């Protein structure tokens, strides 16, 4: 069993900010656009170091997407930044028409996603964004698990050509991956090898799954944990290979059960390797105001919920 521990907590949005700064130093074509949330998106250091490559767009998210699409025509690589709710729900038409349909090289970077936004409540805790974005033809969708992986994912997007959606969060979260751990868009990351059940997780739920794995190990259940940080393009080969060995799967995501990671894994298994699957996700509900960990527990996204899902799916094999 591979052990993961942490000595620090950092918000994943800071991983984006630090990754953008490092990328900006490497590539002069990278520009940043923000919709009046520079501090919240941790884009301030990029703004200070590259003032001529940073554009404060104000509270005009739809315009920001249109401007970003236009910038790509001149060879720029725009990274837009605002809350996930405003990055998708508020501007879906502009993303679909001006970015996805046109295949523009825009990186849509979205903070404050999911229940762990916490006290801001249901209006801001978007839980549908991954589904919205993955359905757009040609759109890459990435949900990294901690500060280090968010940083490396941001840097990787600098070399990626085409529209992409990068989703990250607000709260301090365990940093448990190494800063030099390889990150490849579209390539699953096996965190723990096991034989009884495969857990597929991404975002904040990877740590929840790590905690669940420790509980399950004490029960004598061997877990294979795979971080599916890229929902699209999906690493179908990794899914099939793992479930062919374990015989069942559990998916874990901070998103609606409909339209997210679980749907993508289930489609893959249905088509290529039918097997029992359980999903740990928000079940057709909006969120509410509260502390991040309290909300994860209330909406069924705790380590204990993952343990229950694993025991249930193993019983279906």
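Under 10 Å, Cα contacts only: if you run a Gaussian network model on the chain, which one of 278, 49, 304 comes out with the highest mean-square fluctuation?
Evaluated over the chain, the most mobile residue of the options is 49.
Can you tell me the orientation of helix 12-26 relative to the chain, as the angle in degrees between its alpha-carbon axis and the longest Cα principal axis, to the nearest 10?
Approximately 50 degrees, to the nearest ten.
Computed over the Cα atoms of the chain, what is the ratio Rg over Rh, Rh following Kirkwood?
0.96
Percent antiparallel among DSSP beta bridges with both residues in the stretch 189-315, to the nearest 5? Let's see the in-between values first.
Values: 3 of 17 bridges.
Within the stretch 189-315, antiparallel bridges account for around 20 percent of the total.
Restricting the count to DSSP beta bridges whose residues both fall in the chain, what percent are antiparallel, rounded to a multiple of 5?
Working: 8 of 42 bridges.
Given both bridge residues lie in the chain, the antiparallel proportion sits at roughly 20 percent.
Calculate, in whole percent, how much of the Cα-Cα pair population of the stretch 9-174 lies beyond 18 Å.
Values: 7270 of 13695 pairs.
Pairs farther apart than 18 Å: 53 percent.
On a 0 to 90 degree scale, rounded to 10, what angle separates helix 236-246 from the longest Cα axis of the chain?
Once rounded, one gets 20 degrees.
Taking a ≥ b ≥ c as the square roots of the eigenvalues of the Cα gyration tensor of the stretch 172-295, is the shape rounded (a/c under 1.5), prolate (a/b larger than b/c) or oblate?
Numbers: a/c = 1.32, a/b = 1.18, b/c = 1.12.
Rounded shape, in that the Cα axes give a/c under 1.5.
Give the peptides 137-146, 73-82, 112-121 in descending order of average Cβ contacts within 10 Å, highest first. Can you show the working numbers first?
Details: 137-146: 24.4, 73-82: 20.5, 112-121: 22.3.
Those peptides, ordered most packed to least, come out 137-146, 112-121, 73-82.
What residues of the stretch 1-42 lie in the reach of a label at residue 49, counting those whose backbone N is under 16 Å from a point 7 Å from the Cα along Cα→Cβ?
14-33, 42
Can you give me the C-alpha center-to-center distance between the stretch 261-277 and the stretch 148-193, rounded to a whole angstrom?
23
Test of understanding: in a Gaussian network model of the chain with alpha carbons linked when under 10 Å, which of 219, 151, 297 would top the mean-square fluctuation ranking?
Maximum among the listed residues: 219.
Could you work out the relative contact order of the chain, using alpha carbon pairs under 8 angstrom and six or more residues apart, expressed as a whole percent? Numbers along the way, then the final one.
Working: 735 pairs, mean separation 58.2, N = 317.
So the answer I get is 18 percent.
Out of 135, 65, 205, any idea which swings most in a Gaussian network model of the chain, alpha carbons joined below 10 Å?
135
Could you tell me which of rounded, prolate or oblate describes the stretch 1-63, using a ≥ b ≥ c as the square roots of the eigenvalues of the alpha-carbon gyration tensor, with rounded for a/c under 1.5 and, failing that, prolate when a/b is larger than b/c and oblate otherwise? Kindly include the intermediate steps, with their values, before the conclusion.
Values: a/c = 2.83, a/b = 1.81, b/c = 1.56.
Judged from the Cα gyration tensor, the stretch 1-63 comes out prolate (a/c at least 1.5, a/b above b/c).
Please compute the length gained on full extension between residue 244 and residue 185, using 0.36 nm multiplied by the number of residues separating them and subtracting their Cα-Cα distance. Write out the running numbers ahead of the final one.
Numbers: separation 59, 0.36 × 59 = 21.24 nm, distance 2.32 nm.
Length difference between fully extended and current span is 18.9 nm.
Label-point separation (nm) for residue 273 and residue 9, each offset 7 Å from Cα along Cα-to-Cβ?
3.6
What angle do you read, to the nearest 10 degrees and between 0 and 90, between the alpha-carbon axis of helix 261-272 and the longest principal axis of the chain?
Roughly 60 degrees, rounded to the nearest 10.
Each reported figure results from applying straightforward, stated rules to the coordinates on display, with no laboratory input. Treat the numbers as computed from the prediction; the structure is a model and nothing was measured. Heads up, the Cβs are rebuilt from the backbone with ideal geometry, glycines too, and the neighbour counts pull from every protein chain shown.
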